[in-house]
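Taking it in order: structure first as structure tokens, then the write-up.
What follows draws every value from the coordinates through simple rules; no lab data is involved. The model shown is predicted, which means the values in this text are computed figures rather than measured ones. Note: ideal-geometry Cβ built from the backbone for every residue, glycine included; neighbour counts use all protein chains shown.
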Amino acid sequence: MSNIMDFGFDDSKVIKAAGVERFKQDRAGKIDRVSLIAFKTYHDVLLAGKAREKGSALTDVEKAELCAKIDSKLAGNLGKKPEELTEVDKLDIKSPRFSFAFTHWGDGVGGIRCLSTYEGTTLVKAELCCDRMGDADQTVATVMLQYPVDKNTQVDMDLLRERKYTELWIWKLSSKKFKKVEGAYIDARNDNRPVVDLKITLDGDPRYQKQVIEVASSATWAREDTDPEIRLWVLKQGLRAYKYVKDSLGFEMKKEALAEKLGGQAASAAALAASPETSASKPALQQSYDDLLS
Ligand SMILES: [Zn+2]
């Protein structure tokens, strides 16, 4: 059976744009107003807290008991039954969610996921990528909503209501940029504003995407006076787009394919590993202790 389909523009909705594009600013001094809209669940946050308290990972039974308790409390607060809770109901909008990975960037290879083994952030077994491309970078990504704004970078609520000039992006951050975002959130939290909009200004050449990151206000989409329908739409978009976040953290290349990509030097490194000089440099085992004593 063929899986080729005939269609016209009237039924072209079968063609879906894949993934979510990466946020980039295109001219020096450009100011965008955005909000981070992927969130952890209350369950994630509370279970992590309990594990810290306990000093070790929770058992499945402990997790199940805690989740049931959280569901029942949450449902009670929302006037629902636990089984009626939606994915959106479980989101803790005070806890932005990020994905993290070790990555490399190389000419001819592009952005790839580091293949080495880590325990937490400690490298325990280096693979070819680290040997050849140097230490991996810590890369973070999340989902961003970009607002429609007027010339003073104030949110245009009418346009937002119509979802016009309202963009969803994956925001990929170096560890340095992530620290800036974290700093902005810490300031906002200290100021009793846990859910915020950010103002991002491109500082210099667009090639480098150096950005000034500041808190703009409490998050427009989450404010009490914002249409609940917009709020729901934003949270759903955050959940949907988060599925693409992982893909932005470097291409997961197989070891063999990477060795091939890295070409000549990789092949000679492999040859070197198998060469007699290498084995000769290993400590040689003695046949017998007796020989050593005679
Ligand atoms: Zn690596």
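Can you find a residue in the range 113-130 that is part of a helix (DSSP H, G or I), touching a helix residue (DSSP H, G or I) at 6+ places or on another chain (Cβ under 9 Å) and in contact (Cβ under 8 Å) with a residue 12 or more places away in the chain?
yes
With the condition kept exactly as written, say whether any residue in the range 131-149 is more than 13 Å from the ligand (Cβ to nearest atom), outside any helix (DSSP H, G or I) and of a type in the set (D, E).
No; the residues of the range 131-149 include none that is more than 13 Å from the ligand (Cβ to nearest atom), outside any helix (DSSP H, G or I) and of a type in the set (D, E).
Checking K179 against (1) surrounded by fewer than 15 Cβ atoms within 10 Å (Cβ to Cβ); (2) of a type outside the set (A, V, I, L, M); (3) farther than 30 Å from G111 by Cβ: exactly one of these is not met. Which one?
Among (1) surrounded by fewer than 15 Cβ atoms within 10 Å (Cβ to Cβ); (2) of a type outside the set (A, V, I, L, M); (3) farther than 30 Å from G111 by Cβ, K179 violates only (3).
In the range 26-100, which strands (runs of 3 or more DSSP E) lie fully inside it and hold 3 or more residues that are more than 19 Å from the chain's Cα centre (by Cα)?
Working: elements: 31-36, 39-41, 91-96.
Output list reads 31-36.
Looking at the structure I just gave you, is S116 over 30 Å from N192 (Cβ atoms), surrounded by fewer than 19 Cβ atoms within 10 Å (Cβ to Cβ) and of a type in the set (S, T, Y)?
So S116 passes the test.
Taking the range 65-106, which residues are within 16 Å of the ligand (Cβ to nearest atom) and either surrounded by fewer than 16 Cβ atoms within 10 Å (Cβ to Cβ) or touching a residue at least 40 places away in the same chain (Cβ under 8 Å) (or both)?
Residues satisfying the conditions are F100, A101, T103, H104, W105, G106.
Evaluate the range 149-160: report whether one residue or more is surrounded by fewer than 18 Cβ atoms within 10 Å (Cβ to Cβ) and within 23 Å of the chain's Cα centre (by Cα).
no
Among the residues in the range 132-146, are any more than 21 Å from S175 (Cβ to Cβ) and surrounded by fewer than 14 Cβ atoms within 10 Å (Cβ to Cβ)?
The answer is no, given that none of the residues of the range 132-146 is more than 21 Å from S175 (Cβ to Cβ) and surrounded by fewer than 14 Cβ atoms within 10 Å (Cβ to Cβ).
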